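*Asks:* For reference, the structure I am asking about is given below.
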Amino acid sequence: MLRLVELTQPTARQAKERELAAWWTAKAVREAAPGATVHIFGSTATGCQLPGSDLDLVAIRAPSRRKKGVAPESAAELAPHSRAFEQLRKIQRRVRASGVADQRDPLVVIRAKVPLLRFSEKRSLLSVDLSWNATDGLRNSQ
């Protein structure tokens, strides 16, 4: 049984690749969305990941403060899913331009409970799922 546990644990190299994939992705996110922070959640955060598990990330940025009575700048600010989609598209372009992912790879998935950007990180080939301001997964991983 202990041998089975050993075989399912990521190697030190795989753990480092996962850490670097998160770092490169976070760098691209900060370039596309200044002020955003990126957090790991899911199996990687809880230490339950298998060697082939994806990397779940969430980018969080507090909404800008607006004076009372001032209208939103766009309709996208009224709908959280629209705002998430808009931000994920910006990040998608940055992830492509910075070489974090292949040019044809990053896909914004909008037909999900939580919109996300899905891609394979170019250096490690890890599958990455990045959501925007969706803190439930982060909260559930603590």
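*Asks:* How large, in percent, is the carbon and sulfur part of the accessible surface of the chain at a probe radius of 1.4 Å?
*Replies:* Carbon and sulfur together cover 56 percent of it.
*Asks:* If I model a spin label as a point 7 Å beyond the Cα along the Cα-Cβ vector, how far apart are those points for Q103 and H39 in nm?
*Replies:* 3.6
*Asks:* Right, here's the next one. With a 1.4 Å probe and all protein chains in place, put R61, R123 in order of accessible area, largest first.
*Replies:* R123, R61
*Asks:* Let me ask another. Give, rounded to the nearest 20 debye, the magnitude of the charge dipole that the chain has about its Cα centre when Lys and Arg contribute +1 at Cβ and Asp and Glu contribute -1 at Cβ.
*Replies:* About 520 debye.
*Asks:* Follow-up question, since we're still on this one. Any idea of D54's accessible area? Nearest 10 Å², probe 1.4 Å.
*Replies:* Probe radius 1.4 Å; accessible area of D54 about 50 Å².
*Asks:* Looking at the chain, I'd like the Rg to Rh ratio, where Rg is from alpha-carbon atoms and Rh is Kirkwood's inverse mean 1/r.
*Replies:* Looking at the chain, the ratio lands at 1.03.
*Asks:* Further question on the same structure: Residues with amide H under 5 Å of L55's amide H, sequence separation 5 or more or different chain, H placed in the peptide plane at 1.01 Å from N; which?
*Replies:* Distant-sequence amide H within range of L55: S127, V128, D129.
*Asks:* Next up: Which percent of Cα-Cα pairs in region 80-142 sits in each 5 Å bin, short to long?
*Replies:* With 5 Å bins starting at 0, P(r) equals 4, 19, 27, 22, 17, 9, 1.
*Asks:* Under a 1.4 Å probe, what is the accessible area of the chain per residue, stated in Å²?
*Replies:* In whole numbers, the chain has 64 Å² accessible per residue.
*Asks:* Among DSSP bridges having both ends in the chain, what percentage is antiparallel? Round to the nearest 5.
*Replies:* Approximately 75 percent, going by the DSSP bridge assignments.
*Asks:* Per the helix-only calculation at 222 nm, which mean residue ellipticity applies to the chain, given -39500 (n - 2.57) for every DSSP H run of n ≥ 4 and division by its residues, nearest 500 deg cm²/dmol?
*Replies:* -11500 deg cm²/dmol
*Asks:* Full extension from R111 to L7: what is 0.36 nm times the residue separation minus their Cα-Cα distance, to one decimal in nm?
*Replies:* So the extension gain works out to 33.9 nm.
The values are calculated or read from the model by the stated rules, or taken from the named source; none is laboratory data. These figures come from a predicted structure and were not determined experimentally. Here Cβ is always computed from backbone atoms with ideal geometry, including for glycine, and neighbour counts include all displayed protein chains. For the accessible areas, the whole protein counts, side chains as well, though only heavy atoms, and no ligand, DNA or RNA atoms are used. Shrake-Rupley method; radii C 1.70, N 1.55, O 1.52, S 1.80 Å.
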